Structure formats: structure tokens, C-alpha cells
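Q: Pasting a structure here, questions to come.
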Amino acid sequence: MKHIAVLGSTGSIGTQTLDIVRCNDDFVIDALAAGSNVDLIEKQAREFKPQVVCLYNENAAKELKERLKDTDMKVLAGMEGLIEIAVMPSVDVVLTAVVGMIGIKPTIAAIENGKDIALANKETLVTAGHIIMPLAKEKGVNIYPVDSEHSAIFQSLHGENHDRISKIILTASGGPFRGRTREQMKDIKVEDALKHPNWSMGRKITIDSATMVNKGLEVIEAKWLFDVDFDKIAVVVQPQSLIHSMVEFVDGGIMAQLGVPDMKLPIQYALTFPDRRPMDTPKVDFAALRQISFEEPDLNNFKGLAMAYKAGRIGGTMPTVFNAANEKAVALFLDRKIGFLDIDETIEKLMGLHKVIENPTVAQILETESWVYETIEV
């Protein structure tokens, strides 16, 4: 039996993870955690009967505790609750699918206590990769990527010598506005940006895909996950989203992982590695497939990707500024307080204002996040 804690159980990744658990009798949910969705986590808790549930929002947690008083489940709240779940003795793997930098402390706590990580919270490595990866190595902990692109790289590298990597090639769909100029994107509405052509994802990551900031975050994450320099990480637009990423080796050979755009495959692979199990999802029909095409990413009209490379190369607290400015700007866009193009312009402004701290501690990372939030004015 594999005992799992799901941090972010009510989001897109979390709910799909629970779909996978329903199909695997040897998976046990020991803990569930989410932000503030009382209704859904109560429903999940009653179905999966975890030992512990947690809501980050204190008031929501109080309501959940009242609703679950007829059960033996322990109800926790806040960051302390997330950390308590992350270190539960019974848990084998912690799936981190919370949105934002609140994932850093629970992930570190889980690693320190020898828990394997199924990582869907990219902000953790973007901002604290210099802490997370050495700690995982020290503790002998496995980090299994859940992002479709990083899972594709992970799968392509299985059984290969990492010293023979020539290039990691991250693929991007290009989002709903591929091919448009900034002039053509100046009046984009929230509803338009949430219409991804291929993937079904949460609201925040869907906006990140539309701006291509998401691909920039993935570039920084790939640097830490696979221990490669930024010069060895390339991005190519692959509009059909069938090739999820590739690895080019020094002999010119390229390994690629293909599949329909469905997050359940990388989630299940992270939970079952190195095994592969049957999954009732659509498969690629190569006979019906007309083409797989490729394009260069447009760094002029989608500035977020270029700024991610810049932030990653500068290092220190600059990736935190890139990430936090994006988080705040996306939230403001979703609240219809700023325009679509204001997102990457906000990131650029904050990166220009920031004085970098090299090799930051967790406290300095979180202080930098607070500085970003306080500096952004609407």
C-alpha cells in the first residue's frame, strides 16, 4: 500500500489525483489539504476518509471542523496544518499541488522527514531550488515531477546518463493567443485568456500559459530538477500539445514523450514510478493525426519567457520576484483590475526595482515575496 498526502486536493491537479486513487486499490489517502473550499474538501474527506484534513484559511477550517464533528478526522488549519500533514509518519509520498509559495515550507518539512515528493507546485523550485534539491539529495528523497513537461523529461531520461544531455527541449502550446501582436492583445478579456486550446487546468496556470510566463517558470524549474545550465534549456512551440518535451543527447539522439494532453498520465506516473499501469484515457490516433508542427517562441510579444531566463540567470531572489510579481498581477487581472498586457509589464517593473539577495534563506525568499506584493500598486 502507498500512503499519500495531497496538498491542494480541491484544485485541478488534486481532483485528478483523487480520480487516479479511485482506480488503484493500493493507494491510501492519509491526508487532504486545500485553501478554502469547504464544500469540496468535506465531500472528499467523507469519500476517502483520511486521518487528517486541513484548510489553509482559518475561518474555513473552523467551518470544516464543525461539519466533520461526526467523524474521527483531525481538522487542521494554516501553515502549521500543512506542515503537520507533510511530516505524518504514515505518509510515503506528499503530492504538492498547492498554488503559490505556500508550498515551500511543507515541501521542505516533508523532505526533512524522508517523504518522497510528487511535485506539482512549481513555485517551490523556482524560488527555493537551491535549498530543495541539495536537501533532497542529502535525505535520499525522490522528487517526481508532475508537470507534463517535466514528467516528459523525467521519462525520457529514465535509464540514461544525465552527463550525456546536450539539450532539454521544453514544448509549449503557445496558448490561446499564439501569433498575436501586443497591439492585438491589448484588449483581451479574462474569459478569452481562460480558453486554453488544449489543456484543462486551473485558472492561474491557464493565464500563465496565455502569457507564456508558465513556460518561463518551467525553464527555471527544469534547471533545478535536472541540474542543467540555462544554456542547455530550449523552448519550442508545439501547438498540438502531443510532444510534451524532449531531451537531446550528445550523439544527436532525441528522446521525446508523446501523449494526448491529459494530466492524469504524469500524475499517475509520479505515484507509480517506475511502474506503468493501465489508465482509461484517450490515446493518440496516429492514423488520424495530420501533422505535428513546431515554431520558435515569440519572445517579443510574449516577454514573460525572456524575463524568466533573465531572472533564472541572475539567480538569488530574482526568480522569487519574477514569480511573486506574476502571481500578484495574474490575481489582479482575474479580478479585472489590470489588463492582460499589464501582467508581464508588472513583472518587468518589479525586476527592475529589486536588489538581489544571493543564496537567500526561506525567510528572505518570503520577505522578498512580501516586498513584491507591497510594491505593486493598483
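The values are calculated or read from the model by the stated rules, or taken from the named source; none is laboratory data. Since we're looking at a predicted model, the values are computed, not measured. Because the Cβ atoms are built from the backbone with ideal geometry, glycine has one as well, and the counts that use them run over all protein chains shown. Protein only, heavy atoms only, side chains kept; ligands, DNA and RNA dropped before computing areas. Shrake-Rupley method; radii C 1.70, N 1.55, O 1.52, S 1.80 Å.
Q: Among the residues of segment 345-378, count how many are open to solvent by 80 Å² or more (accessible area, probe 1.4 Å), among the hydrophobic types (A, V, I, L, M, F, W, C) and under 22 Å from the mean Cα position of the chain (by Cα).
A: Residues meeting the conditions: 0.
Q: Mind listing whichever residues of segment 103-122 are part of a helix (DSSP H, G or I) and surrounded by fewer than 21 Cβ atoms within 10 Å (Cβ to Cβ)?
A: K105, I108, A109, E112
Q: Give the residues of segment 235-255 that are open to solvent by less than 30 Å² (accessible area, probe 1.4 Å) and under 21 Å from Q291 (Cβ atoms), sorted by residue number.
A: Correct list: V235, V236, V237, Q238, P239, S241, L242, I243, H244, S245, M246.
Q: Taking segment 273-299 as the search range and keeping residues that are open to solvent by less than 40 Å² (accessible area, probe 1.4 Å) and touching a residue at least 24 places away in the same chain (Cβ under 8 Å), which one is nearest to G216 (Cα to Cα)?
A: The qualifying residue nearest to G216 (Cα to Cα) is P297.
Q: Here is a follow-up. For segment 3-82, which fully contained strands (runs of 3 or more DSSP E) count at least 2 residues that are out of contact with any Leu (no Cβ under 9 Å at 6 or more places or on another chain) and of a type outside the set (F, W, Y)?
A: Here the list reads 27-34.
Q: Scan segment 158-198 for residues that are acidic (D, E) and part of a helix (DSSP H, G or I) and jot them down.
A: D163, E183, E191, D192 - these are the residues of segment 158-198 that are acidic (D, E) and part of a helix (DSSP H, G or I).
Q: Now a separate question. Of the numbered conditions (1) closer than 20 Å to H158 by Cα; (2) more than 17 Å from the chain's Cα centre (by Cα); (3) modelled with pLDDT of 95 or more; (4) open to solvent by less than 50 Å² (accessible area, probe 1.4 Å), F230 fails exactly one; give the number of that condition.
A: Of the numbered conditions (1) closer than 20 Å to H158 by Cα; (2) more than 17 Å from the chain's Cα centre (by Cα); (3) modelled with pLDDT of 95 or more; (4) open to solvent by less than 50 Å² (accessible area, probe 1.4 Å), the odd one out for F230 is (1).
Q: Considering only segment 123-145, I want to know if a residue exists there that is part of a helix (DSSP H, G or I), of a type in the set (V, I, T), more than 15 Å from D227 (Cα to Cα) and open to solvent by 40 Å² or more (accessible area, probe 1.4 Å).
A: No, because not a single residue in segment 123-145 is part of a helix (DSSP H, G or I), of a type in the set (V, I, T), more than 15 Å from D227 (Cα to Cα) and open to solvent by 40 Å² or more (accessible area, probe 1.4 Å).
Q: Another question, if that's okay. Can you name the condition, by its number, that L305 falls short on among (1) of a type outside the set (V, I, T); (2) open to solvent by less than 60 Å² (accessible area, probe 1.4 Å); (3) assigned to a loop (DSSP other than H, G, I, E, B)?
A: (3)
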